[in-house]
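Structure first, commentary second.
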Amino acid sequence: MLVLASASRARRRLLEQAGIPHQVRVSGVDEEAVGPMPPTALVQQLALAKARAVAQSLQAGASGPAGEGAPNGPVLGCDSVLEFEGEVFGKPRDFDEAINRWRRMAGGWGRLHTGHALVVSADQNQFRQEVVTTLVWFAALNPDQIQAYVATGEPLVCAGGFALEGRGGMVVDRIEGCYSNVIGLSLPLLRRWLDVNLASCQQ
């Protein structure tokens, strides 16, 4: 069974909707401790760090939630950032930062990068990595619309300050590339990596 090394509800929902059996383990990796680097390198490094941290804890015998036991399967780590005008946008720190970002982003476009890392061996030496990038065009919102969207609180908990599967779907005009990647992980990539049999996915 796949182990998702993430606390993201959006990523878990994607796996549930796709019918991919999984368990969740939170990595505890300090994302702020990673120094400045290009966005694709950043998400790649963080995704692998999360997957390895969870794989290590499972190897050490960490138990799961009551009744689940310790899972024994590949561990998937993910990390997402928005690259806008050459700058990396993770989750906004507060309301004011979210407002300022949206004033810049409105009417523009950015690149949503998600790093994926799949650790497939107990010693963590066998793993796969890939960064999937989706282009996102943002609506030309006026100041009142920006204020109203940020006031919902949604932008404060999402990389890039928007959630495509939520209210953010109304403030994105179009995307080019993988849709699920913008939400948190690329299901087509996971299908290839896991060689998913679509007919056998849980309903």
Checklist entry - Mind checking whether some residue in the range 98-111 is on the phi < 0 side of the Ramachandran plot, buried (at least 19 other Cβ atoms within 10 Å of the Cβ) and of a type outside the set (A, V, I, L, M, F, W, C)? => result yes
Checklist outcome for this item: Taking the range 149-161 and the residues there that are buried (at least 16 other Cβ atoms within 10 Å of the Cβ) and out of contact with any strand residue (DSSP E or B) (no Cβ under 6 Å at 6 or more places or on another chain), the one that is nearest to residue 117 (Cα to Cα) would be 158
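List the helices (runs of 4 or more DSSP H) inside the range 123-199, counting only whole elements, that have at least 2 residues being more than 18 Å from residue 81 (Cβ to Cβ).
143-151, 187-194
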Checklist outcome for this item: When every residue in the range 1-25 that is closer than 11 Å to residue 77 by Cβ and of a type in the set (A, V, I, L, M, F, W, C) is compared, the one surrounded by the fewest Cβ atoms within 10 Å (Cβ to Cβ) is 3
Checklist entry - What residue, of 128, 101, 93, is closer than 30 Å to residue 53 by Cβ and in contact with a Leu (Cβ under 6 Å, 6 or more places away or on another chain)? => result 128
Item to check | Residue check for residue 88: free of Cβ contacts under 8 Å to residues at least 60 places away in the same chain, assigned to a strand (DSSP E or B), within 13 Å of the chain's Cα centre (by Cα) and surrounded by 15 or more Cβ atoms within 10 Å (Cβ to Cβ) | outcome: no
Item to check | From 135, 164, residue being surrounded by fewer than 18 Cβ atoms within 10 Å (Cβ to Cβ), touching a strand residue (DSSP E or B) at 6+ places or on another chain (Cβ under 8 Å) and closer than 20 Å to residue 111 by Cβ | outcome: 135
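I need a count of the residues in the range 9-22 that are closer than 20 Å to residue 129 by Cα and not in a helix (DSSP H, G or I). Spell out how you get there, then give the answer.
Looking only at the range 9-22, we keep the residues that are closer than 20 Å to residue 129 by Cα, and these are 11-12, 14-15, 20, 22.
Keeping just the survivors that are not in a helix (DSSP H, G or I) gives 20, 22.
So the count comes out to 2.
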Checklist entry - Looking at the range 36-45, is at least one residue in a loop (DSSP other than H, G, I, E, B), farther than 17 Å from residue 187 by Cβ, touching a Gly at 6+ places or on another chain (Cβ under 9 Å) and of a type outside the set (Ser, Thr, Tyr)? => result no
Next on the checklist: Just the residues that are small (Gly, Ala, Ser) and either in contact with a His (Cβ under 9 Å, 6 or more places away or on another chain) or assigned to a helix (DSSP H, G or I) (or both), please, taken from the range 23-35.
Outcome noted: 33
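Here, each number is a calculation from the coordinates, and none is a lab measurement. All values derive from a computational prediction rather than experimental measurement. In this analysis, Cβ positions are derived from the backbone assuming ideal geometry, glycine residues included, and neighbour counts consider all displayed protein chains.
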